[in-house]
1. Subtract the Cα-Cα distance of residue 130 and residue 1 from 0.36 nm times their separation in residues, and report this length gain in nm to one decimal.
2. How many nm is it between the label spots at residue 98 and residue 159, if each spot is 7 Å from the Cα in line with the beta carbon?
3. Extending each Cα 7 Å along its Cβ direction at residue 167 and residue 30, get the distance between those two points in nm, one decimal.
4. Modelling each spin label as a point 7 Å along the Cα-to-Cβ direction, I'd like the residue 64/residue 49 distance in nm, to one decimal.
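Throughout, read-outs are computed from the coordinates displayed, never taken from laboratory work. In this text the structure is predicted, and so the values were computed from the model without any measurement. Here the Cβ positions follow ideal geometry from the backbone for every residue, glycine too, while neighbour counts run over all protein chains shown.
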């Protein structure tokens with residue numbers, strides 16, 4: 001398949017943002033905006049070379065992984081907004097704990113979330129913590145985006161918000177029993 005210059009730039013920029021989440025060194029790496037400017041100065045052939053694709057990992061596979069057109073992104077954002085509105089409009093009294101599949105994260109070992117109540121239970125190497133009043137939209141966005149880094153999500157949506165409403169859980173058997 002043939003891709004346009006703007007599609008390649010979008011995919012490369014998306015890949016770079018994903019990689020920067022877990023392993024960004026400001027002394028060595030360009031910021032995502034600097035990288036975008038760098039990409040915009042490149043020719044079509046240079047952009048294809050920048051993808052580092054070959055016969056094993058094809059350009060089509062790269063684009064399927066990293067390219068999200070604006071239409072798909074708008075649909076995803078709209079779906080998150082609708083689901084968040086529905087969950088917060090009705091008073092549902094049934095616990096809805098969803099185990100987030102294991103993803104590449106050095107910080108978070110496991111996570112279960114309740115998008116109805118805005119509850120997150122995250123297990124780190126230092127222990128397990130239960131957070132309340134977390135943004136329901138952020139939780140739904142995490143559920144709908146399987147490539148999102150768990151460590152980055154916790155940093156941006158839980159720790160950066162400086163929640164005082166959290167509890168350290170000591171008995172993991174209780175957590176496994178209550179939310180299995």
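1. On the way: separation 129, 0.36 × 129 = 46.44 nm, distance 4.65 nm.
Net length gain for the segment: 41.8 nm.
2. For residue 98 paired with residue 159, the spin-label model returns 2.4 nm.
3. Each label point lies 7 Å from its Cα, and together they span 4.9 nm.
4. 2.7 nm
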